[in-house]
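S.K.: I have a structure here, written as structure tokens, and I will follow up with some questions on it.
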Amino acid sequence: MASRESGLESWTIAQIADEFGVTHRTVRHYEDLGLLAPERRGLNRVYHRRDRTRLNLILRGKRLGFPLEQIRTIIDLYDAPRGRASQLEYVLGQIDERRTDLEQRRRDLDDALKELDAFEESCHADLERLL
């Protein structure tokens, strides 16, 4: 549950970690990398809507296979003068690159599976000859 101190929604590290299904350590790691910047109240971290949005973008980028540096660029572009437009242009370029990489990986996996099938078939045939 979010608290509404001073009129702004805020969350603790436990709340934000639970909501996104990550560990506290993961959240702190993203903070150490400068991807998240929660407010500090004494020893407590206080996360606001901006932090939640950034964490959501980080985790989406990770699921899609983007390295953290590319995710940082995407997130930082949102704050750039052209804002969302420059962010979207960059992301579209990265999506094309990621798609090309994944399609190549799929072809490589398909080839490896075919080779594995052929090897398995050969092993079965050899075993039948030995029995």
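The values are calculated or read from the model by the stated rules, or taken from the named source; none is laboratory data. What you see is a predicted model, and the numbers here were worked out from it, not measured in a lab. Methodologically, a virtual Cβ is constructed for each residue, glycine included, from the backbone with ideal geometry; neighbour enumeration extends over all protein chains shown. Just so you know, the surface numbers come from the protein's heavy atoms only, side chains and all, with ligands and any DNA or RNA stripped out. Shrake-Rupley method; radii C 1.70, N 1.55, O 1.52, S 1.80 Å.
S.K.: Cβ-Cβ under 7 Å, sequence separation 6+ or interchain: first residue in segment 1-29 and modelled with pLDDT of 75 or more, partner open to solvent by 50 Å² or more (accessible area, probe 1.4 Å) and β-branched (Val, Ile, Thr). Which pairs?
M.R.: Ala17/Thr23
Let's see how each residue does on (1) modelled with pLDDT of 90 or more; (2) over 23 Å from Ser10 (Cα atoms); (3) open to solvent by 30 Å² or more (accessible area, probe 1.4 Å):
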{"position": "Gly42", "(1), (2), (3)": "yes, no, yes"}
{"position": "Arg45", "(1), (2), (3)": "yes, no, yes"}
{"position": "Thr53", "(1), (2), (3)": "yes, no, yes"}
{"position": "Asn56", "(1), (2), (3)": "yes, no, yes"}
{"position": "Gly61", "(1), (2), (3)": "yes, yes, no"}
{"position": "Phe66", "(1), (2), (3)": "yes, yes, no"}
{"position": "Ile71", "(1), (2), (3)": "yes, yes, no"}
{"position": "Ile74", "(1), (2), (3)": "no, yes, no"}
{"position": "Leu77", "(1), (2), (3)": "no, yes, yes"}
